[in-house]
Amino acid sequence: SFKGTSLSLQNPDASDSFFGNFDLYLSEAFWGVIYLAAILAVLALMILLSVYCLQGKLLFLGERFEERHSESLLRIPVDPGDRGMDFENVWITTKDNCKLHGWLVKIDGEHPLDCRTVIAYHGSGGCVQSRLPQIEFMVKHIKVNVLMVDYRSFGKSTGSPTEKGLYIDTMATFEYALSREDVISPDRLYIYGNSLGGAAAIYLASKRSANLKGAIIENTFKSLATILDDTMPMYAAIRPLVLSMRFPSINRVGNIEAPCLFLIGKQDPVVPNSHMEELYQ
């Protein structure tokens, strides 16, 4: 045993070598963790930037009708005329030079000035063609003229979708309606909006109530932030970092002076009923 102890003492560098290798291992592990963390941080930043830059396309789901239904265009109605309705193709140039397309559909057999007209602001998906059944129901059964125009990037409309752009399009459509005194009576003018279109209608009504006979709001949200928190609570912590669009309808609805009708569909899979209830209150 003394001999073994003597051998151990004769090689003092062994312990130094062990601890040196251990320190090297710790150093390599440390920098490995740092390297991995840096990669994850870069990936997270790229995801956040992508969501920030692409949220317009994620929110505005407008479609090019001809592209989606190219194989069935000969079999399905593509404009109100195919459903036997009197209509005009409408083109509106916005103040930032986007060209918006839509329809002004009139009650058959009636003088349009004797009828109520509803400006309908549709939701975030589809386009005017995909809402042809809704337009037909409003014209034939509710007995109103309907002006529905696609937002920028929807249907045949040009441009890229943004919150500011939607407000510009909303106002441009309204100003167009006021300019059509030959077919639209300003004393019988209403607006209707559902989902994203509800946010557009609330924005317009909060600024132009004096020019409205009434507003109809269906299943819209208090604000984009609150609907995201309700539907995707796991992202609430990063939401302030990536959300550039607001749509603060809850802050605007109190400024509406025109009569309002609030419609709640209790089976809406996206917007909780509580949003409409708070907007109504």
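The values are calculated or read from the model by the stated rules, or taken from the named source; none is laboratory data. These numbers come from a predicted model, not from an experiment. Note: ideal-geometry Cβ built from the backbone for every residue, glycine included; neighbour counts use all protein chains shown.
Just one of the numbered conditions (1) under 27 Å from the mean Cα position of the chain (by Cα); (2) farther than 26 Å from L61 by Cβ; (3) surrounded by fewer than 14 Cβ atoms within 10 Å (Cβ to Cβ) is not true of G84: (1). Listed by position, the strands (runs of 3 or more DSSP E) inside the range 175-281 whose residues that are modelled with pLDDT of 90 or more and among the charged types (D, E, K, R) number at least 1 are 214-218.
Would you check if S157 is crowded, with 19+ Cβ neighbours inside 10 Å, among the polar types (S, T, N, Q) and modelled with pLDDT under 95? Against the criterion (crowded, with 19+ Cβ neighbours inside 10 Å, among the polar types (S, T, N, Q) and modelled with pLDDT under 95), S157 does not qualify. For the range 95-150, the set of residues classified as of a type in the set (S, T, N, Q) and either more than 21 Å from T162 (Cβ to Cβ) or touching a strand residue (DSSP E or B) at 6+ places or on another chain (Cβ under 8 Å) (or both) consists of T117, S124, Q129, S130, Q134, N145, listed by residue number. Somewhere in the range 262-275, is a residue under 12 Å from A215 (Cβ atoms) and surrounded by 17 or more Cβ atoms within 10 Å (Cβ to Cβ)? The answer is yes; a qualifying residue exists.
Within the range 218-237, does at least one residue satisfy the condition of being exposed (fewer than 13 other Cβ atoms within 10 Å of the Cβ), touching an Asp or Glu at 6+ places or on another chain (Cβ under 8 Å) and within 27 Å of K207 (Cβ to Cβ)? So far as the range 218-237 goes, no, none of its residues is exposed (fewer than 13 other Cβ atoms within 10 Å of the Cβ), touching an Asp or Glu at 6+ places or on another chain (Cβ under 8 Å) and within 27 Å of K207 (Cβ to Cβ). The residue pairs whose first member lies in the range 154-182 and is under 17 Å from R208 (Cα atoms), whose second member is part of a loop (DSSP other than H, G, I, E, B) and not acidic (D, E), and whose beta carbons are closer than 6 Å, counting only pairs six or more residues apart or on different chains, are L166/Y151; I168/T94; D169/Y151; D169/R152; A172/T94; A177/I184. The strands (runs of 3 or more DSSP E) falling completely within the range 75-151 that include 2 or more residues that are farther than 22 Å from D187 by Cβ map to 86-93, 99-106. Inside the range 77-133, can you point out the residues that are over 21 Å from G198 (Cα atoms), of a type in the set (K, R) and at pLDDT 95 or above? Passing the criteria: K95, K99, K106.
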